[in-house]
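Take a look at the structure set out below.
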Amino acid sequence: MISTIRNALRMATTDIAIISNNIANSGSTGFKRSDGNFLDSYAEDVPIPGLNVGYGVIHEEPRRQDTKQGALRVTNNSLDLAVSGDGMFVTKHPEDEEITFTRDGSFLLDIDGRLTTTDKKLVVNANGDPIVIPPMLTDDQGRNTLLDVINISNDGAIKLTYGDGRIFDIGKVGLARFANVAGLQAIGGGHFKDTEKSGPAIVGGAMEQSFGQVIQGHLEASNTNITDELTKLMRSQQAFSASSRLMQAATDVQKRLIG
């Protein structure tokens, strides 16, 4: 009895932590809120004390992601990108080359001209290679020309225009989609990893094979609704309080029986 109540307290605490995380990240670019998925847990066959007892409920990992589109807000920054529709930006760690996925398109250029996330992960193109945007070019006479315009079309194609009028096409921004995007595992910083539940990434270009379009000069806001989250938080807190009272009552009964 006490072990089941203790587990209920742990599950209520987990739910409160998930909801609190949603609220805390309501202002984070590209953030996708999570839901705790709780499953009934029963003992198998004839219960053996201390072994295959039922715990009432268990929390399924990874957390279930709400992949609903967030609102797009205008920034007019040429390196700010948002995905309207299906798809996530593909990023690669510069050292261990770990592949992750994000909807946060607030990108920057590093000293080598590589397109990166705010936490310095490399943004890759549709071929899986890092996107490089040279801030300056040197012509045959040794004259330097600065980058003038970065234009990224809705299909993710990147076109660079330099001060001397030269124009270069450097490929497309890569996007990834999944058979079950809700099965992705959040790893912090707005990044996700694929899991067995999500299936492997299907990488391609925007506006191809059911991918959405890339919107330059915009960022996707969090899809968290504060009012809904506060309502869920109060419900979880009430569940925690009820379990606490049950625990106190069970403890009192056990003390009287032992005494």
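Per-structure values
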quantity: Contour minus Cα-Cα distance for residue 234 and residue 76 (0.36 nm per residue); calculated: 53.0 nm
quantity: Förster radius 41 Å - calculated FRET efficiency between residue 110 and residue 6, Cβ distance, rounded to 0.05; calculated: 0.25
quantity: Carbon plus sulfur fraction of accessible area for segment 98-152, probe 1.4 Å, in percent; calculated: 50 percent
quantity: Contour minus Cα-Cα distance for residue 209 and residue 119 (0.36 nm per residue); calculated: 29.4 nm
quantity: Sulfur and carbon atoms: percent of accessible area, segment 175-259 [1.4 Å]; calculated: 55 percent
quantity: Angle between the chain longest axis and helix 2-24 axis [Cα atoms, degrees, rounded to 10]; calculated: 30 degrees
quantity: Three-way shape label, segment 142-239, alpha-carbon gyration tensor, a/c 1.5; calculated: prolate
quantity: Inter-part distance where segment 217-242 and segment 64-111 are each reduced to a Cα centre, Å; calculated: 23 Å
quantity: Segment 170-212: relative contact order in percent, alpha carbon pairs under 8 Å with at least 6 residues between; calculated: 44 percent
quantity: Per-pair calculated FRET efficiency, R0 = 30 Å: residue 66 and residue 148 via Cβ, rounded to 0.05; calculated: 0.15
quantity: Residue 170 paired with residue 227, simple spin-label distance in nm, labels 7 Å along Cα-to-beta-carbon; calculated: 4.4 nm
quantity: Charge tally in the Cβ shell below 13 Å around residue 166, where Lys, Arg are +1 and Asp, Glu are -1, residue 166 excluded; calculated: -3
quantity: Computed label-point distance, nm, for sites residue 257 and residue 26 using a 7 Å Cα→Cβ extension; calculated: 4.5 nm
quantity: Angle between the chain longest axis and helix 226-258 axis [Cα atoms, degrees, rounded to 10]; calculated: 30 degrees
quantity: Burial ranking of peptide ranges 183-190, 145-152, 168-175 (average Cβ count within 10 Å, highest at the top); calculated: 168-175, 183-190, 145-152
quantity: Calculated FRET efficiency for the pair residue 98/residue 159, C-beta based, R₀ 22 Å, to 0.05; calculated: 0.15
quantity: Solvent-accessible area per residue for segment 82-226 (1.4 angstrom probe, square angstrom); calculated: 48 Å²
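The values are calculated or read from the model by the stated rules, or taken from the named source; none is laboratory data. Since the model is a prediction, treat every value here as computed from it, not as a measurement. Don't worry about glycine lacking a Cβ; one is built from the backbone with ideal geometry, like all the others, and counts go over all protein chains shown. Areas reflect the complete protein model, heavy atoms only, side chains present, ligands, DNA and RNA absent. Shrake-Rupley method; radii C 1.70, N 1.55, O 1.52, S 1.80 Å.
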